[in-house]
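A short worksheet on the structure shown next.
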Amino acid sequence: MRLQRDRSLLLMIDFQAGLLPVIEGGLQVIEEAAWLANVAEALAVPVWLTEQYPEKLGGTAAGLISELGEHQVWQKHHFSAMEAPEFAQALKAQSVQQVVICGTEAHICVLQSALGLLEAGYSVYWLSEATASRRCEEARFARERACAQGAIAVTADMVAYEWLDRCDTALFKEVHRRLLKPRSSRGVTFF
């Protein structure tokens, strides 16, 4: 099953200022998430962020927010975003069946949100290089568990090219020129 941009949403879980400094590979994770969020914006794919207990963990890292275009932020206290009735209802109101999920920590909030989405009947795409935990083994186990339950592991490039679908359009040329050329660390400070 291929991703389709008109059926997709990018869900970025808990990229919070108080948490990111202890995440293994945190800078790379947030750079990949920001890159795909920019592709999503160019293709009119909704971008949603969650913040777990922001009173203690802080809000989404300011550097990430500054990289994003239009997005919606949901605050939560449950580990799974789907446990917040207002989040689940707003998602149901979208014409979305496919959720690309990424964030921190993989084995807690990302995993529980992914499982909740799967239970609710959504197709879940686990953005592997943009999902992490304090220990990389925790992120690996979380991805394996989510995929065993029906999630599909993907990379940012896979998602971008599936959303684009074809190479002979003006939209592809614009996105390719701005975003799809080989990328490396941009030197942006995210946290």
Which of the peptides 6-14, 145-153, 60-68, 112-120 is most tightly packed, and how do the rest follow, judged by the mean count of other Cβ atoms within 10 Å per residue?
6-14, 112-120, 60-68, 145-153
With the crude spin-label approximation of a point 7 Å out along Cα→Cβ, what separation in nm comes out for residue 152 versus residue 137?
3.1 nm
Counting helices only, and only those DSSP H runs with n ≥ 4, report the 222 nm mean residue ellipticity of the chain as the sum of -39,500 (n - 2.57) divided by its residues, in deg cm²/dmol to the nearest 500.
-11000 deg cm²/dmol
3J(HN,Hα) from dihedral phi, the stretch 68-74, Karplus parametrisation 6.51/-1.76/1.60, rounded to Hz, x for glycine, proline:
8, x, 5, 7, 10, 10, 10
What ranking do 39-52, 94-107 get when scored by the average of other Cβ atoms within 10 Å per residue, highest first?
94-107, 39-52
Report the Cα centroid-to-centroid distance between the stretch 60-100 and the stretch 112-173 in angstrom, as an integer.
15 Å
Can you run phi through the Karplus equation (6.51, -1.76, 1.60; θ = phi - 60°) for the stretch 6-11 and list ³J(HN,Hα) in whole Hz, with x for Gly and Pro?
7, 10, 10, 9, 9, 10
Kindly identify the stretch 1-119 as rounded, prolate or oblate by the Cα gyration tensor criterion: order the square roots of the eigenvalues as a ≥ b ≥ c, call it rounded if a/c is under 1.5, otherwise compare a/b with b/c, prolate if a/b is larger, else oblate.
oblate
Under the Karplus curve 6.51 cos²θ - 1.76 cosθ + 1.60, θ = phi - 60°, whole-Hz ³J(HN,Hα) for the stretch 90-102, x wherever Gly or Pro sits:
5, 5, 4, 6, 7, 8, 10, 10, 10, 10, 8, 10, 8
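Using the Cα gyration tensor of the stretch 56-137, with a ≥ b ≥ c the square roots of its eigenvalues, what is the shape: rounded (a/c below 1.5), prolate (a/b larger than b/c) or oblate (neither)?
Values: a/c = 1.45, a/b = 1.18, b/c = 1.23.
It is rounded, given that a/c, with a ≥ b ≥ c, falls under 1.5.
Relative contact order (percent) for the chain, with alpha-carbon contacts under 8 angstrom and 6 or more residues of separation?
On the way: 337 pairs, mean separation 54.3, N = 191.
Relative contact order here is 28 percent.
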Given backbone amide H placed at 1.01 Å from N, residues whose amide H is under 5 Å from that of residue 73, ignoring those fewer than 5 places away on the same chain, are 49
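Every number in this text was worked out from the coordinates using simple rules, so none of it is lab data. Predicted model only: the values in this text are computed from it and were never measured. Positions of Cβ are generated from backbone atoms using ideal geometry, with glycine treated the same way; all protein chains shown enter the neighbour counts.
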